[in-house]
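Have a look at the structure below, then the notes.
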Amino acid sequence: MTDPANEARSTVSQLVADREACLLAPYAMHSADTAGRKYAEEQHPYRGPFQRDRDRIIHSAAYRRLAGKTQVFTGEMGDYHRTRLTHTQEVASIARSLGRALRLNEDLIEALALAHDIGHPPFGHAGEDTLDECLAAEGGFNHNRQALRIVEQLETRYADFPGLNLSREVLAGQATRVRGAKPSGSPLLEVQVVEAADSVAYNTHDVDDAMKFGLLELGQLFEVALWNEAQRRVRKTHSALDGDELKRAVLHELIEWQVSDLFQQTTRNLNNHAVNSVVTVTAAPPLVEASSSIAAQKREMEAFLYERVYRHPRVLEMRRRAQSYLLEMFERFTADVSLLPESYQARCPSEGVARTVGDYLGGMTDRFAQQEHTRLFSPASGTDKPSRG
Ligand code: MG
């Protein structure tokens, strides 16, 4: 006799499959074809697997802490600029727009986008470089690898498994971001879309934030071909704009123009390679790409940002301070693990002291790192235990 509860469940999951069969292209990653999870779970009655992944990421502690983590500029510099969380949301928004236009799986795209920077330590790339040096003998520290460590081990929300037990497609997609990874074919289109959206987002918002801080003047951007072309496009309909109005219009155009170009070039690539299934996606070269002229201009913009923004004296000063915070704390915690929260002390025997300290430091927000530094190094702070587990 059929169990009515199971029958209802399979009918609903069939609805998820049917919905995607209507909406998604044949080369999209369909939920019905997922390779599943490390720890088997029953299907949810009405949410698809990638939708559940997305929800698990949003409810994770590591995701919330992105609100307090530096993208390029620290929180103490003001409240206009991007945090790691708002960057992540911009990436998800751009990636979903592109993914929907290409009829890809938006749930998978959103899960990948929301997780893509979840492994960033405090203080942006300065923090990452410091932890990488501290952990050199243990294989180093890399935010993309750390993201996998967080979602597979460090998050503790569920009684039945460690980590978030995400779908294999999300884990494999994140693994392609780790330098030196050697996947056996091209990543899913959903993975490629998130990668493209990441660079559209940060190129544009880093210019915006740098101008707001006075690190860049509008006049300097006229050296950059990508900016000039976007401005030329704005001028076609708004010839009289200048100052902040012009800046905002060009920033908007930069995203609109680049995403449209990605859509058009990717569509051409899909046709040229006769892509009609996930198997043909993985066998083809990467297909989500900018047209060659925009790709060259983007590289020029990135070199410009590196020189004028990421190496700006104000950013470098912040970098030095962040590095000394983390280095000093790393040395103090590894010398005396009793200063760590108990949950981290308990991990030392299996993970090693250095890696455990790296996990603890890597999980901190900028502000918590500063508070912990004060606790450890201010003479008045004593040796109180940290309040956060
Ligand atoms: Mg990113």
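The values are calculated or read from the model by the stated rules, or taken from the named source; none is laboratory data. No experiment lies behind these values; they were computed from the predicted model shown. Neighbour counts run over all protein chains shown; Cβ positions are idealised from the backbone, glycine included. Each accessible area value is taken on the protein alone, full model and side chains, heavy atoms only, with ligands, DNA and RNA left out. Shrake-Rupley method; radii C 1.70, N 1.55, O 1.52, S 1.80 Å.
Beyond 15 Å, the tail of the calculated P(r) for segment 324-385 holds 45 percent of the Cα pairs. Values of log10 I(q)/I(0) for segment 63-122 across q = 0.15 Å⁻¹ run -0.47, by the Debye formula with one identical scatterer at each alpha carbon and no solvent. Taking other residues whose beta carbon is less than 10 angstrom from the beta carbon of ARG168, and scoring Lys, Arg as +1 and Asp, Glu as -1, yields +1. Between ARG299 and ASP160, the modelled labels are 4.9 nm apart [label points 7 Å from Cα along Cα→Cβ].
Find out how many positive minus negative residues lie around ARG157, taking Lys and Arg as positive, Asp and Glu as negative, among other residues whose Cβ is under 15 Å from that of ARG157. Charge balance in the 15 Å sphere: 0. Potential lengthening of the chain between SER291 and GLU41 amounts to 85.8 nm, from the contour at 0.36 nm per residue minus the alpha-carbon distance. Over the chain, what percent of the accessible surface lies on carbon and sulfur atoms, probe 1.4 Å? That share works out to 51 percent. Computed from backbone phi, the HN-Hα couplings of segment 324-338 come to 5, 3, 5, 4, 4, 5, 4, 5, 5, 5, 6, 6, 8, 5, 5 Hz, rounded to whole numbers (Karplus: 6.51 cos²θ - 1.76 cosθ + 1.60, θ = phi - 60°; Gly and Pro given as x). What does the charge add up to near GLN323, with Lys and Arg as +1, Asp and Glu as -1, over the other residues with Cβ less than 10 Å from its Cβ? Once all neighbours under 10 Å are counted, the net charge is 0.
Note that segment 268-327 presents 56 Å² accessible area per residue, ligands and nucleic acids not counted, probe 1.4 Å. Highest GNM mean-square fluctuation among GLN258, GLN153, GLN192, for the chain modelled with Cα contacts below 10 Å: GLN153.
If R0 equals 56 Å, the separation of the Cβ atoms of ASN271 and ALA380 corresponds to a calculated FRET efficiency of about 0.25. Solvent exposure of segment 61-191, expressed per residue, is 38 Å² of accessible area, with all protein chains present and a 1.4 angstrom probe. Highest GNM mean-square fluctuation among TYR63, TYR158, TYR202, for the chain modelled with Cα contacts below 10 Å: TYR158. The GluC sites (Glu not before Pro) of segment 170-272 that DSSP puts in a loop, and whose beta carbon has at most 13 other beta carbons within 10 Å, are GLU217.
Where the only charges are on Cβ atoms (+1 Lys, Arg; -1 Asp, Glu), what is the dipole of the chain about its Cα centre, to the nearest 20 debye?
So the dipole magnitude of the chain works out to roughly 80 debye.
Count neighbours as other Cβ atoms within 10 Å of each site's Cβ, and list the trypsin sites (Lys or Arg not before Pro) in segment 133-233 that are DSSP loop with at most 14 such neighbours. Those that pass, being in a loop and sparsely packed, are ARG157, ARG179.
Volume per residue of the convex hull around the Cα atoms, evaluated for segment 5-161, comes out as 138 Å³. I'd like the distance separating the alpha-carbon centroids of segment 230-246 and segment 328-349, in whole Å. Their Cα centres are 55 Å away from one another. Rounded, prolate or oblate: which fits segment 229-299, taking a ≥ b ≥ c as square roots of the Cα gyration tensor eigenvalues, rounded meaning a/c under 1.5, else prolate when a/b beats b/c? Judged from the Cα gyration tensor, segment 229-299 comes out prolate (a/c at least 1.5, a/b above b/c). Starting from the Cα gyration tensor of segment 129-246, take the square roots of the eigenvalues, sort them a ≥ b ≥ c, and report rounded, prolate or oblate (rounded when a/c is under 1.5, otherwise prolate if a/b is larger than b/c, else oblate). In terms of gyration-tensor shape, prolate. Sort the chain into rounded, prolate or oblate with this rule: let a ≥ b ≥ c be the square roots of the eigenvalues of the Cα gyration tensor; rounded if a/c is under 1.5, and if a/c is not under 1.5, prolate when a/b is larger than b/c, oblate otherwise. Oblate, since a/c reaches 1.5 and b/c is not below a/b. For the pair GLU245 and ALA136, label points projected 7 Å from Cα toward Cβ lie 5.5 nm apart.
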